[in-house]
1. Do you know which residues across segment 53-88 are farther than 19 Å from Glu119 by Cα, in contact with a strand residue (DSSP E or B) (Cβ under 9 Å, 6 or more places away or on another chain) and assigned to a helix (DSSP H, G or I)?
2. Here are Glu291, Glu313: which of them is within 11 Å of the ligand (Cβ to nearest atom) and either open to solvent by less than 80 Å² (accessible area, probe 1.4 Å) or under 25 Å from Arg134 (Cα atoms) (or both)?
3. Do the conditions hold for Arg166, that is, is it over 21 Å from the mean Cα position of the chain (by Cα), surrounded by fewer than 19 Cβ atoms within 10 Å (Cβ to Cβ) and within 11 Å of the ligand (Cβ to nearest atom)?
4. In segment 1-33, how many are modelled with pLDDT of 95 or more and either surrounded by fewer than 21 Cβ atoms within 10 Å (Cβ to Cβ) or small (Gly, Ala, Ser) (or both)?
5. Given Ala106, Ala69, which one is away from the ligand (no atom under 11 Å from the Cβ) and farther than 30 Å from Ala171 by Cα?
6. Could we say that Gly40 is at positive phi and within 12 Å of the ligand (Cβ to nearest atom) here?
7. Within segment 11-45, which residues are in a helix (DSSP H, G or I) and in contact with a strand residue (DSSP E or B) (Cβ under 8 Å, 6 or more places away or on another chain)?
Amino acid sequence: MLGRMVEFDCVVVGGGIHGLCTAFWLAWRGLPRLLVVEQGAPGHTGGSSHGATRITRSSYDDPKFVAMAQRAHAEGWPALEAALGKPLRVRTPGVFFGPARGLFAAWQRATLQTGVAVEALELDAARARFPLLRFDAGDAVLLDHTAAMVLAAETMAGLRTWLAARGVTFAFDTRVTRRQETATAIELSTTTGTIRASHAVLACGAWLPLLENALAAQLVVQRQEVAYVDVEADPAAQRAGVFPVWARIGTEPNDFQYGLPSHDDAGLKLAVHRSAGPGVDPDALPPPIDEGALRTLARERLRPAVRTLRRTERCLYTMTADQDFRIVTHRRTTTVLACSGHAFKFGPVVGQDAAAATLAALGR
Ligand SMILES: Cc1cc2nc3c(=O)[nH]c(=O)nc-3n(C[C@H](O)[C@H](O)[C@H](O)COP(=O)(O)OP(=O)(O)OC[C@H]3O[C@@H](n4cnc5c(N)ncnc54)[C@H](O)[C@@H]3O)c2cc1C
C-alpha cells in the first residue's frame with residue numbers, strides 16, 4: 001500500500017477506539033495530513049475494541065474514574081454522536097452489586113460520595129426490579145441512572161467513515177515494525193513501506209511494547225472470553241431499557257462478572273472480567289474457548305433457564321497494575337495506554353487528551 005516515502009503531519013498507529021478517537025479530535029481540530037495505520041482489517045477481532053456493545057457507567061471504586069465518566073457522558077459521547085449524526089448509547093439501568101464487605105465496598109464509597117445519579121438499592125427491591133438477574137444473599141446493590149449500553153461496533157464503523165470523509169488516510173493490514181526519530185521527523189517502518197511524519201501517536205493496545213518498550217514492564221495482556229446466551233424469557237425483557245448493564249464484584253480480582261442486554265436479539269452478553277494472571281502474548285494462537293465455564297457463569301448469574309450458548313467471542317485486555325491510563329508525550333511521539341478492560345467508555349475523552357498533547361507537541 002505505502003511503498004514510497006510519504007509525508008504526514010501525524011500518524012496514528014492503531015485503529016482501535018483510542019486511535020480512532022485521537023484521529024477524530026485531530027481532524028476535528030483541522031490537522032491536515034493525517035494517517036491511521038492498522039495491522040488488521042477494518043473491524044478485525046484480534047484486539048480490544050471489537051464486539052457489538054460495551055458498558056458505560058459512573059459507578060467505580062475510584063472517584064477519579066467517576067469524574068472521568070461524567071466528562072465522557074456530558075462532553076465526549078455527545079460530541080461523537082453529534083458528529084456521526086446518530087445515538088451511540090442506549091440508556092438502560094446499571095446494576096452493580098457484590099458482598100458488602102468485599103471489593104464492592106470501595107465502589108459504594110467512591111461512587112456515592114460524588115453525588116452522581118447513583119443510588120443504593122435494597123436487595124429485595126433489586127430482585128423485584130431485575131428478575132432475570134441472580135443476586136446472592138448479602139449482596140449490596142448500586143443502581144446507576146447514568147449507565148448505558150454503548151453501540152461499540154457502530155461507533156467504530158461510524159468513526160472510520162467520518163474520518164475517511166474528511167480526507168484521513170487509512171492503511172489497513174499494515175503493521176508498524178519500527179520507529180525512529182530524527183531531528184526533523186519520525187520515520188515508521190511498516191510491512192508495506194516507510195512513513196515519515198512530524199509526529200506519531202502510538203495507540204497500539206496489547207502490542208504497545210513492540211514500539212514503546214519503556215512501558216512494557218507496566219502492562220500485562222489478559223485474554224477474555226465472552227458468551228451470548230439465549231434464556232427462557234420474553235425477548236423484550238432482555239433488551240436495553242429493561243435489562244440492565246450489570247457487574248458483580250466479588251472478593252478477589254478475577255471474581256468479577258458482568259453482562260449486557262441482548263442487542264439486535266443476539267442473546268444476553270456476559271463474561272468474567274479477567275484482570276489478574278500470568279498474561280499472554282497477543283500474537284500467540286489462543287486456546288479453545290472454555291464454553292463449559294461460560295455456561296456455568298450464565299447459570300450462576302441468570303435466573304431463567306439457559307437455552308443455548310449462541311455465540312462466543314475472544315478479546316484482549318491490556319492491564320496496568322493500577323488499572324489507570326497513561327498518555328505520555330516524548331519528543332515526536334505521544335503514547336496512549338488506556339485499557340485495563342474498562343476504557344471503551346472513555347474513548348472520546350482519552351482521544352481528546354491525546355489529540356491535545358499531540359497538537360501541543362506540533363506547536364498548534
Ligand atoms: C471482552 C471485553 C469487554 C470489554 N467491556 C468493556 C465495557 O463494557 N466498557 C468499557 O468501557 N470497556 C470495556 N472493555 C475495554 C475496552 O474495550 C478497551 O479498553 C479498549 O477497546 C482499548 O482500546 P485500544 O484502542 O487501546 O486498543 P485496541 O482496540 O486493541 O487497538 C489497538 C489497535 O492497534 C493495532 N496495532 C497494534 N500494534 C500495531 C502496529 N505495530 N502496527 C499497526 N497496528 C497496530 C491493533 O491491531 C489494534 O487494532 C472491554 C474489553 C474487552 C476485551
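The values are calculated or read from the model by the stated rules, or taken from the named source; none is laboratory data. Treat the numbers as computed from the prediction; the structure is a model and nothing was measured. Note: ideal-geometry Cβ built from the backbone for every residue, glycine included; neighbour counts use all protein chains shown. Keep in mind that these areas ignore ligands, DNA and RNA; they rest on the heavy atoms of the full protein, side chains included. Shrake-Rupley method; radii C 1.70, N 1.55, O 1.52, S 1.80 Å.
1. Ala72, Trp77, Glu81, listed by residue number.
2. Every option except Glu313 fails the conditions.
3. Spelling it out, it is not the case that Arg166 is over 21 Å from the mean Cα position of the chain (by Cα), surrounded by fewer than 19 Cβ atoms within 10 Å (Cβ to Cβ) and within 11 Å of the ligand (Cβ to nearest atom).
4. 12
5. Every option except Ala106 fails the conditions.
6. The answer is no for Gly40.
7. Just the residues of segment 11-45 that are in a helix (DSSP H, G or I), to begin with: 17-28.
Scanning segment 11-45 gives His18, Gly19, Leu20, Thr22, Ala23, Leu26, Ala27.
Residue by residue, here is whether (1) modelled with pLDDT under 95; (2) surrounded by 21 or more Cβ atoms within 10 Å (Cβ to Cβ) holds:
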{"residue": "Asp61", "(1), (2)": "no, no"}
{"residue": "Val66", "(1), (2)": "no, yes"}
{"residue": "Arg71", "(1), (2)": "no, no"}
{"residue": "Pro78", "(1), (2)": "no, no"}
{"residue": "Leu84", "(1), (2)": "no, no"}
{"residue": "Arg91", "(1), (2)": "no, no"}
{"residue": "Leu103", "(1), (2)": "yes, no"}
{"residue": "Ala117", "(1), (2)": "no, no"}
{"residue": "Leu123", "(1), (2)": "no, no"}
